[in-house]
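Read the structure below first, then the notes.
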């Protein structure tokens, strides 16, 4: 049997030593490295290319949810086993949703750790027994509490937090002081009933509706009497001010109940997979990936989504490529006004607003 290379990541040397001794007893494993913080982990992954990462989630300079997402993209063949003392449901669900292959509690028997590693390396997933019982009990335990409605600033703050921005970077992005950001974070935590960045991240992963913007009250009666008006729209543009402007036109002039905002392809694809919007406006110029590729990937994730490409550069080739990946229309940004938005929505959705 081939040996599997294992990397250990925990900020406590004594814990790492215990894990090392426990896993070294398995002949099919070889421990190739140990690290104690986020930057060291990134470097070790690139240099050692382990088959299995056994990691704690509470390390310096390390945000586990976003890191797990990145690691699964960068090292798709690598298995990830979390070994943690934390048994909070939000923590567990958030990490499993991020792609980790197993979640093991530190207080469980050594034999269970051996079994967890072997199961994961064989292609299965693993959750410690006490966690399974708790997750099942909570999943059947009655209706979930209503998701709070956030202000636009709170939604923007939460979006930046989920991208791993620290307070200083958030302050620069939102053009606020660091102290003001800290105050807004306190208000955000209170609104969603969490006490930390990690809990806020996990909560948002389980509640994508947090990023939805309620439509204007002028449409509420129609939304109640005409279910077809209950639409979901995704706005993808790296300019927050333009997203706000377009969203305002949509909510005021079209029968839309909620819209979601994304500034890049990664955020757009995450939201598309979670909420499956009926309509998406996508800018053709996005950070790291062009909007046409993003639109194509949205269509793959959510085939029923109607795509509208928008651009400040009315290029015929962009239009041709956009329509070839399934876009319904290609609009010049400077020509977009409230009437155009309303007409596009009505046309794209089969004149649902007139039925």
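Every read-out reported here was derived from the displayed coordinates using simple, explicitly stated rules and does not represent laboratory data. Quick caveat, the model's predicted, so the values are computed rather than measured. No Cβ is skipped: glycine too gets one built from the backbone with ideal geometry, and neighbour counts run over all protein chains shown.
Quick notes on this one:
- Neighbour counts of other Cβ atoms within 10 Å put 289, 263 in the fewest-to-most order 289, 263.
- Debye-formula intensities of region 4-139, expressed as log10 I(q)/I(0) at q = 0.13, 0.15, 0.20 Å⁻¹, are -0.48, -0.65, -1.24 (one equal scatterer per alpha-carbon, no solvent).
- Kirkwood hydrodynamic radius over Cα pairs of region 152-210, then Stokes diffusion coefficient at 4 °C and 1.567 mPa s, in µm²/s: 115 µm²/s
- Report note on the peptides 18-24, 321-327: ranked by the mean count of other C-beta atoms within 10 Å, highest first, their order is 321-327, 18-24.
- Point-to-point label distance, residue 110-residue 17, nm (Cα→Cβ direction, 7 Å offset): 1.5 nm
- Footprinting exposure proxy ranking of 300, 186, 305, 232, fewest other C-beta atoms within 10 angstrom first, gives 186, 300, 232, 305.
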